[in-house]
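Taking it in order: structure first as structure tokens, then the write-up.
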Amino acid sequence: MADDIDLNLLTALDALLAEGSVARAAERLHLSESAMSRTLARLREATGDPLLVRAGRTMVPTPHALALRDQVRDLAQGARAVLQPAGAGWDLRTVQRSFTLRANDGFIEAFGPTLVQRAAAEAPGVCLRFAPKPDKDIRPLREGLIDLDIGVLGETGPEVRLQTLYRDRYVAAVRKGHPLLDEGECSAERYAAFGHVVTSRRGRRTGPVDGALAAMGLARKVAVVVPSFRAALSIAAQTDLVALVPASYFVQDHELGALRAVPLPVETEPITISQMWHPRTERDAGHRWLRGLVVDVCRPRA
């Protein structure tokens with residue numbers, strides 16, 4: 001019966017057909033000659049063929065053994081590959097693979113170019129796919145639709161693995177020449193007195209600074225609500241409205257262009273950005289490389 005086959009015989013047959021000698025096959029597999037002879041007898045019984053026969057002082061393969069040799073070699077190599085530690089065959093220079101990272105536009109703009117450059121240099125065959133992040137639902141991780149979820153933690157569940165990448169803070173972004181820049185340090189009163197553009201995917205008018213302002217008896221004048229930081233900065237660059245954005249999003253070309261960053265006059269909770277993954281990929285060599293790459297790129301910049 002097929003269920004009774006000892007798959008260890010496959011390795012022994014591969015050695016016998018490769019070496020053409022019981023003695024050399026025994027040495028290759030660290031067995032005694034008598035043990036290898038008994039194994040050859042079992043192989044003959046299993047295949048119904050002599051496999052190796054005497055020809056003078058040597059042994060030669062039968063036609064059936066010659067027909068099996070390449071197939072047996074491939075099967076034995078495949079079995080060894082399957083039973084290697086995870087990642088043993090991972091080669092950055094030759095691997096062809098795609099990874100999906102879910103992140104918001106701010107993260108992609110701030111860190112995406114460097115991630116792409118590093119990935120291309122280290123693993124030319126890897127494709128990074130950035131997926132939109134409309135919410136904090138962890139089902140895409142559970143279902144294997146994404147490899148990494150990057151952002152502020154939501155309800156992750158006990159099985160999700162996570163690692164802190166950096167801690168961010170909010171700043172006020174205004175156009176070059178904005179009146180808020182005229183009198184040195186920005187006070188809470190002056191900050192609240194200007195019109196504001198608020199970023200919210202859900203259309204909310206309040207943000208991280210409003211509770212602190214309310215404790216001082218102040219409130220912002222919200223003029224516009226937009227769904228992205230990019231849109232908020234675009235509006236702030238051409239009006240007197242003040243945009244609230246994470247400092248990491250306020251990249252160098254903003255500083256050198258039409259916008260300026262102003263420290264907030266009130267305390268806000270720091271923003272903790274993490275990368276999250278499912279435990280099924282914990283030991284995957286490619287996934288470990290990807291997580292390490294994200295950490296290397298994010299931490300120095302942050």
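The values are calculated or read from the model by the stated rules, or taken from the named source; none is laboratory data. Remember, predicted model here, so these are calculated numbers, not experimental data. SASA here: full protein model, heavy atoms, side chains in, ligands and nucleic acids out. Shrake-Rupley method; radii C 1.70, N 1.55, O 1.52, S 1.80 Å.
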Under 10 Å, Cα contacts only: if you run a Gaussian network model on the chain, which one of Gly20, Gly56, Gly157 comes out with the highest mean-square fluctuation? Gly56
Å² per residue, accessible surface of the stretch 188-296 at 1.4 Å: 48 Å²
Taking the chain as a Gaussian network, where each spring joins two C-alpha atoms under 10 Å apart, which residue of Glu27, Glu183, Glu109 fluctuates the most? Glu27
Calculate, for the stretch 38-179, the solvent-accessible area per residue in square angstrom, rolling a 1.4 angstrom probe over the heavy atoms of the protein chains. 59 Å²
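So for the stretch 263-302, considering every pair of alpha-carbon atoms, how many percent are separated by more than 12 Å?
On the way: 543 of 780 pairs.
The answer is 70 percent, as a whole percent.
Using a 1.4 angstrom probe on heavy atoms only, work out the carbon and sulfur share of the accessible area of the stretch 104-187 in %. Let's see the in-between values first.
Numbers: 2210 of 4440 Å².
C and S fraction of accessible area: 50 percent.
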Tell me, what does the Kirkwood hydrodynamic radius of the stretch 145-195 come to in angstroms if you use every pair of distinct C-alpha atoms? 15.2 Å
Amide proton proximity set for Ser200, modelled H, under 5 Å, gap of 5+: Val226, Ser228
Once you have the Kirkwood Rh of the chain from its Cα pairs, apply Stokes-Einstein at 25 °C and 0.890 mPa s and quote D in µm²/s. 100 µm²/s
For Leu259, what residues show an amide H to amide H distance below 5 Å, using hydrogens built from the backbone and excluding near sequence neighbours? Lys176
Determine ³J(HN,Hα), in whole Hz, for all residues of the stretch 13-29 in sequence, where each value follows from phi through the Karplus function 6.51 cos²θ - 1.76 cosθ + 1.60 and θ = phi - 60°; x replaces Gly and Pro. 5, 4, 5, 5, 6, 6, 8, x, 7, 5, 5, 5, 5, 4, 5, 4, 9
Could you tell me whether the stretch 97-231 comes out rounded, prolate or oblate from its Cα gyration tensor? Rule is a ≥ b ≥ c as square roots of the eigenvalues, rounded for a/c under 1.5, then prolate if a/b exceeds b/c, otherwise oblate. prolate
In whole percent, the Cα-Cα distances of the stretch 183-293 spread across 10 Å bins from 0 upward as 12, 36, 27, 14, 9, 1
Reduced to Cα centres, the span from the stretch 5-51 to the stretch 105-147 in Å works out to 50 Å
Of Leu75, Leu244, Leu181, the most mobile residue in a GNM of the chain (C-alpha springs, cutoff 10 Å) is Leu75
Along its principal axes, what span do the Cα atoms of the stretch 205-254 show, with the longest given first and each in whole Å? 35, 22, 19
